[in-house]
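Undergrad: What follows is a structure written as structure tokens; I'll ask about it next.
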Amino acid sequence: MGFYPARNYQPVVGIGSPKSTLIVLTDQKVKILSEHLPAQIDALWRGDFYNVMDSEFAMHSASPFNTSILNMGKKKNRKSVFIKLNDLRYLAYIFPMVENQRLKYTEAMRDVMNYVLATLNSTSSVDPPANASKNILYYQLYEELKTLL
């Protein structure tokens, strides 16, 4: 879960590992994954095929290997993540927490944008306002913004 400057600091969810390609999901793609995750797990458990496609996002099963494949992008820019059944069950278990965190980040967007603007216009460290959302790690955001300055 994070904010990316290149994406206007919108909250997004990244799925993958440091060794593999990270797939970045927007709100719409997170909702699609959330809706279809239980059915994908059931299909893999039964050895059936399950396929979901939505513009650039696709999720399908490779049942002989008990693996789900998440794809993002088209042709040359396609990124894929392979998730084993046990890891997919763990993802389903933690997904309500991920969605809750995404909701809190979305609620804090105004505070984040105000902080980003204040930081970009200053020459020293900026403390967030007292009424700013407590769900954001402003010191970490400041460190990331420093790399852009």
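The values are calculated or read from the model by the stated rules, or taken from the named source; none is laboratory data. This one's a predicted model, so the numbers in the text were calculated from it and none came from an experiment. Glycine also receives a Cβ, built like all others from the backbone with ideal geometry; neighbour counts cover every protein chain displayed.
Undergrad: So which of Tyr105, Tyr93 ends up being within 17 Å of Val24 (Cβ to Cβ), within 17 Å of the chain's Cα centre (by Cα) and of a type in the set (Ser, Thr, Tyr)?
TA: Step by step, each of Tyr105, Tyr93 is checked, and only Tyr105 is within 17 Å of Val24 (Cβ to Cβ), within 17 Å of the chain's Cα centre (by Cα) and of a type in the set (Ser, Thr, Tyr).
Undergrad: Out of the residues in region 11-23 that are over 11 Å from Val81 (Cα atoms) and surrounded by 15 or more Cβ atoms within 10 Å (Cβ to Cβ), state the one that is farthest from the chain's Cα centre (by Cα).
TA: Pro11
Undergrad: Continuing with the same structure: Under 17 Å from Gly14 (Cα atoms), assigned to a helix (DSSP H, G or I) and either in the same structural domain as Asp27 (by TED's automatic domain parsing) or under 16 Å from the mean Cα position of the chain (by Cα) (or both) - does that describe any residue in region 63-76?
TA: no
Undergrad: Moving on to the next point. Evaluate the following for Val126: is it in a loop (DSSP other than H, G, I, E, B) and farther than 20 Å from Val24 by Cα?
TA: yes
Undergrad: Sticking with this one: Report yes if some residue within region 37-52 is farther than 30 Å from Asn135 by Cα, modelled with pLDDT under 85 and surrounded by 12 or more Cβ atoms within 10 Å (Cβ to Cβ); otherwise report no.
TA: Within region 37-52, none of the residues are farther than 30 Å from Asn135 by Cα, modelled with pLDDT under 85 and surrounded by 12 or more Cβ atoms within 10 Å (Cβ to Cβ).
Undergrad: So, one more: Looking at region 129-149 only, could you name the residues that are under 22 Å from the mean Cα position of the chain (by Cα) and not in a helix (DSSP H, G or I)?
TA: Matches in region 129-149: Ser133, Lys134, Asn135, Ile136, Leu137.
Undergrad: Give the number of residues within region 100-123 that are surrounded by 17 or more Cβ atoms within 10 Å (Cβ to Cβ) and assigned to a helix (DSSP H, G or I).
TA: Within region 100-123, residues that are surrounded by 17 or more Cβ atoms within 10 Å (Cβ to Cβ) and assigned to a helix (DSSP H, G or I) number 7.
Undergrad: I would also like to ask the following. So, in region 92-149, of the ones that are touching a residue at least 12 places away in the same chain (Cβ under 8 Å) and among the charged types (D, E, K, R), which residue ends up farthest from Ile32 (Cα to Cα)? Don't jump to the end; show me each part of the working.
TA: Our first condition is that a residue be touching a residue at least 12 places away in the same chain (Cβ under 8 Å); within region 92-149, this holds for 92, 95, 98-99, 101-102, 104-109, 111-116, 119-120, 125-126, 128-129, 132-133, 135-136, 138, 141-142, 144-145, 148-149.
Filter once more, keeping what is among the charged types (D, E, K, R): 99, 102, 104, 107, 111, 144.
Details: Glu99: 12, Arg102: 14, Lys104: 19, Glu107: 20, Asp111: 27, Glu144: 29 Å.
Checking each candidate, the answer is Glu144.
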